[in-house]
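Any read-out appearing in this document is the output of simple, stated calculations on the displayed coordinates, not a laboratory observation. Predicted model, so just to flag it, every value in this text is computed and none were measured. Reconstructed Cβ throughout: ideal geometry from the backbone, glycine too, with neighbour counts over all protein chains shown.
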Amino acid sequence: MTPLADTHVHLLAGLDDGPPSMDEAIAMCRILVSEGARHATALAHQNEGYPENTAQRLRTATTLLTRELAAKSIPLSVYPTGEVMLSPTTFEDWQAGTLLTVGNHNKWLLVEMPHGMFVDVLPIAEAFRPHGVRLIIAHAERYPELLYDPARTARWIAAGCMIQATAWALADPWEPGMEKALRHWATAGFLHVIGSDGHGIDRRRPVLAEGFERLVKWVGRGTAERIASLWGVSVLQGLPVHVPPPKPPSSSWFTRLFGG
């Protein structure tokens, strides 16, 4: 099986609402390996709720996790990453060295919306672009303003953004119309990487395999491997990723999704 890349999993013990202990973090890593993953973010939230989660704190915690994985011969490479909640000072905070990019490579910044809000990322994407940093929209399926608006999603992709979906959402969409919209994202080239958004071993387990198999069903194994492995590994390792523009939406797709 192609080694999968989890581009969104909370593995840093005691730093946020993820695993409370190193033992649970290691157990999550074992689950990921059993799911077919060989690469994963060692991620924690970076927002006003966790003011102590500086970039250096996340890097140090990732080093400790890496040592534990090596000592236990667990074949999972982990990469220090912040899950950044967008704010009016996101760009300035990154310039100050507070925010941690994916893998600490200063290539990609994983961002989520403020709680209960949806904001246009285009101004932020444009601020980062001259510095060679692009945005990954974390768990993008959560935002109906994006999921059900292909034109907006296409504009964000054109501005350099990558779209990330949660694997369990692909496997088991939770609301009417969501499966059709996610399938369109996959088949039309709007979807670029996946993550488990794992937080623990009992709550929000780090699962990938069923979501990957759903992608295989929708787009074929080659494209599914590009989304779930190749692009994800490249992002985590700071390698170049060239995302082709998505196919333009068809009126028939809008009719099937919304009716009328």
Taking the condition of being of a type in the set (D, E, K, R) and touching a Pro at 6+ places or on another chain (Cβ under 8 Å), how many residues in region 222-249 meet it? 0
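Quickly run through region 67-82 and pick out the residues that are of a type outside the set (S, T, N, Q) and in contact with a Leu (Cβ under 7 Å, 6 or more places away or on another chain). It would help to see each step written out before you state the result.
Within region 67-82, the first condition is being of a type outside the set (S, T, N, Q), and the residues that meet it are 67-72, 74-76, 78-80, 82.
Scanning region 67-82 gives L69, L76, V78, Y79, P80, G82.
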Restrict the check to region 35-44 and report whether at least one residue is free of Cβ contacts under 8 Å to residues at least 12 places away in the same chain and farther than 24 Å from H131 by Cα. no
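Does region 27-48 hold any residues that are buried (at least 21 other Cβ atoms within 10 Å of the Cβ) and out of contact with any His (no Cβ under 7 Å at 6 or more places or on another chain), and which are they?
In the first step, residues of region 27-48 are kept if they are buried (at least 21 other Cβ atoms within 10 Å of the Cβ); the result is 28-29, 32, 35, 37, 39-44, 46.
M28, C29, L32, E35, A37, H39, A40, A42, Q46 - these are the residues of region 27-48 that are buried (at least 21 other Cβ atoms within 10 Å of the Cβ) and out of contact with any His (no Cβ under 7 Å at 6 or more places or on another chain).
Considering only residues of region 231-250 that are without any contact (Cβ under 8 Å) to a residue 24 or more places away in the chain and surrounded by 13 or more Cβ atoms within 10 Å (Cβ to Cβ), which is farthest from I163 (Cα to Cα)?
From region 231-250, those without any contact (Cβ under 8 Å) to a residue 24 or more places away in the chain are 234, 239-240, 242, 250; that's our starting set.
Okay, now just the ones that are also surrounded by 13 or more Cβ atoms within 10 Å (Cβ to Cβ), so 234, 239.
Numbers: S234: 15, L239: 17 Å.
Once the filter is applied, the top-ranked residue is L239.
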